[in-house]
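Report on the structure given below.
The values are calculated or read from the model by the stated rules, or taken from the named source; none is laboratory data. It should be emphasised that the depicted structure is a prediction, and the values quoted were computed from it without experimental measurement. Here the Cβ positions follow ideal geometry from the backbone for every residue, glycine too, while neighbour counts run over all protein chains shown. Just the protein is used for accessible areas: all its heavy atoms, side chains included, with ligands, DNA and RNA removed. Shrake-Rupley method; radii C 1.70, N 1.55, O 1.52, S 1.80 Å.
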Amino acid sequence: MKLRRLWAIVLKEVRQLRRDRITLAMIVMIPVGQLVLFGYAINLNPRGLNAAIADQAGTATSRALVMDMVATGVIRPVAHADTPQQLVDMLRRGEISVGIAVPPDFERRRIDGREALQVMVDGSDTVVQSAAAQLAQTPLDSSSAAPRRISPSTGPIGVVSFYNPQRRSPVNIVPGLIGVILTMTMVMFTSVAIVRERERGNMELLITTPVSRTELMIGKVLPYSLIGLIQTTVVLLLGLWLFDVPIKGRVLDVYAAAVLLILANLALGLMISTKAASQFQAMQMTVFILLPSILLSGFMFPYAGMPAAAQWLSELLPMTHFLRLIRGVMLRGAGLLELWRDVAYLLGFIAVMMSLAVSRFRKRLD
């Protein structure tokens, strides 16, 4: 071994790395991004859960109790309802995570020591379910008549968990795994699509063909769409067989939501492919997309526990909107029309990413 030759190789790699701006940026951005995400954006104690209140009693004591619950910071009122059924409908549509129902005979129940108030929780997220259970510890206002007797079996505030009363983790995790798997594979497959054509020398052949840019991009997407549907089917069948994960909504809506995420990820991967100069760069950029998708979408950590800046960033990710769709359909039995906002975002994301990918692609070697 000659030190001079060794130094020449080291110097060559350093100069090549210096010219590779994307790799150089990833060296800094990946650790910085992970540090910020884990240290700042991720919080296992969610606060400000969207809540709606149906106060049918309308007394000073009931209003004071609701205000005490809001003061804990666990919930944030975003809507009011007239009946408990309206709260259930809001929970099914994903508009709220917690519903506070105060019955008309609140005062009589409070004095008799019976359950005087009910907290309805969207149990499809076990972390949110645990956080909302803290509301049951809120003391009743003792400014008026004191309770004459307290039932040993029930408390003054009851907690009802919808959609996952047993608090089984697979019920929450398996639908999200569909999004994680589709994001990881679909973006990875298409992010190297255009780059691979250049590296294998196929771009010269494509240049000589009459295939348009749009036809090439759509042709790249369609085969992987079928692969994504196969992966979705495998996860659904294994989730049902191994973990007894329910599908309360229509199966057609489940596949429609999966198609939206598949197309969104494929379009994003094509956009990356037009930017990357090599397959290695494409893989680096895929990792940079995958990490926020897993950490900020609400799959692993509750969305409500993130600061405002992280929530704004998560709203840009297709995975965030897919999780709302798939959990709404599979666990809450909601339809895609009820979740139209997330459907509209994914359709818009697909249109924007495909347009950018087509406009950036050029049938030439440079």
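Within segment 5-31, residues that are assigned to a helix (DSSP H, G or I) sit with their Cβ atoms under 6 Å from residues that are surrounded by 10 or more Cβ atoms within 10 Å (Cβ to Cβ) and modelled with pLDDT of 70 or more, at 6+ positions apart or across chains, in these pairs: 22/281; 26/284. Checking each residue in segment 295-312 for being open to solvent by 60 Å² or more (accessible area, probe 1.4 Å) and within 19 Å of residue 325 (Cβ to Cβ) picks out 300, 303. So, in segment 273-294, exactly how many residues are outside any loop (DSSP other than H, G, I, E, B), of a type in the set (A, V, I, L, M) and open to solvent by less than 10 Å² (accessible area, probe 1.4 Å)? Counting residues in segment 273-294 that are outside any loop (DSSP other than H, G, I, E, B), of a type in the set (A, V, I, L, M) and open to solvent by less than 10 Å² (accessible area, probe 1.4 Å) gives 1. Residues in segment 190-228 that are modelled with pLDDT of 70 or more, buried (at least 16 other Cβ atoms within 10 Å of the Cβ) and hydrophobic (A, V, I, L, M, F, W, C): 192, 193, 194, 195, 216, 217, 221.
Tell me the residue from 341, 332, 324 that is assigned to a helix (DSSP H, G or I), charged (D, E, K, R) and farther than 19 Å from residue 181 by Cβ, please. Please lay out each step first, then the result.
Values: 332 fails: assigned to a helix (DSSP H, G or I); 324 fails: farther than 19 Å from residue 181 by Cβ.
It is 341.
Number of residues in segment 80-96 that are open to solvent by 30 Å² or more (accessible area, probe 1.4 Å) and within 26 Å of the chain's Cα centre (by Cα): the value is 8.
In segment 234-246, which residues are open to solvent by 60 Å² or more (accessible area, probe 1.4 Å) and more than 16 Å from residue 180 (Cβ to Cβ)?
Kept after step one, since they are open to solvent by 60 Å² or more (accessible area, probe 1.4 Å), are these residues of segment 234-246: 234, 237-238, 240-244.
If the condition is that a residue be open to solvent by 60 Å² or more (accessible area, probe 1.4 Å) and more than 16 Å from residue 180 (Cβ to Cβ), then 237, 240, 241, 242, 244 are the ones that fit.
Counting residues in segment 332-351 that are of a type outside the set (Asp, Glu) and closer than 30 Å to residue 200 by Cα gives one or more.
So, of the residues in segment 117-137 that are modelled with pLDDT under 85 and more than 14 Å from residue 162 (Cα to Cα), which turns out to be farthest from the chain's Cα centre (by Cα)?
Of segment 117-137, the ones modelled with pLDDT under 85 are 123-137.
Checking which are more than 14 Å from residue 162 (Cα to Cα) leaves us with 131, 134-137.
On the way: 131: 18, 134: 24, 135: 25, 136: 27, 137: 29 Å.
Among residues in segment 117-137 that are modelled with pLDDT under 85 and more than 14 Å from residue 162 (Cα to Cα), the one farthest from the chain's Cα centre (by Cα) is 137.
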